[in-house]
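The values are calculated or read from the model by the stated rules, or taken from the named source; none is laboratory data. Just so it is clear, the structure is predicted and the values come from calculations on it, not from any experiment. No Cβ is skipped: glycine too gets one built from the backbone with ideal geometry, and neighbour counts run over all protein chains shown.
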Amino acid sequence: MQEGPIDGHSTSTVPGERVIDKPEHPAGGLYTDNTVHTEMHEGSLQLKRGTAGKFEIFCDEGAGIGGTAQYPTPMAYLAMATGF
């Protein structure tokens, strides 16, 4: 058995199979690394863009605080994330 933590991104290739569902967890636990980049769009008040790997999302704020409400707010994304 491996003593240190194992990479949580490369534990199984079987759809739906998760190492955390097995009766014996790895001795050192799991780790995952994620890199994300965020940026504000100059001249567009509250518009922001975020990337994680090949994925890209945008967020905005409501008109009441200088946005255009064109995309979900950062807090809406946070609320959605708790459901995932």
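Scanning the range 45-84 for residues being in contact with a strand residue (DSSP E or B) (Cβ under 7 Å, 6 or more places away or on another chain) and either among the aromatic types (Phe, Trp, Tyr) or within 21 Å of Asn34 (Cα to Cα) (or both) gives a total of 12. Taking (1) within 30 Å of Gly4 (Cβ to Cβ); (2) modelled with pLDDT of 90 or more; (3) assigned to a helix (DSSP H, G or I) in turn, His37 satisfies each apart from (3). Of everything in the range 34-59 that is under 15 Å from the mean Cα position of the chain (by Cα) and among the charged types (D, E, K, R), the residue that is farthest from Pro72 (Cα to Cα) is Lys54. The residue that is modelled with the lowest pLDDT, counting only those in the range 42-76 that are polar (S, T, N, Q) and assigned to a loop (DSSP other than H, G, I, E, B), is Ser44.
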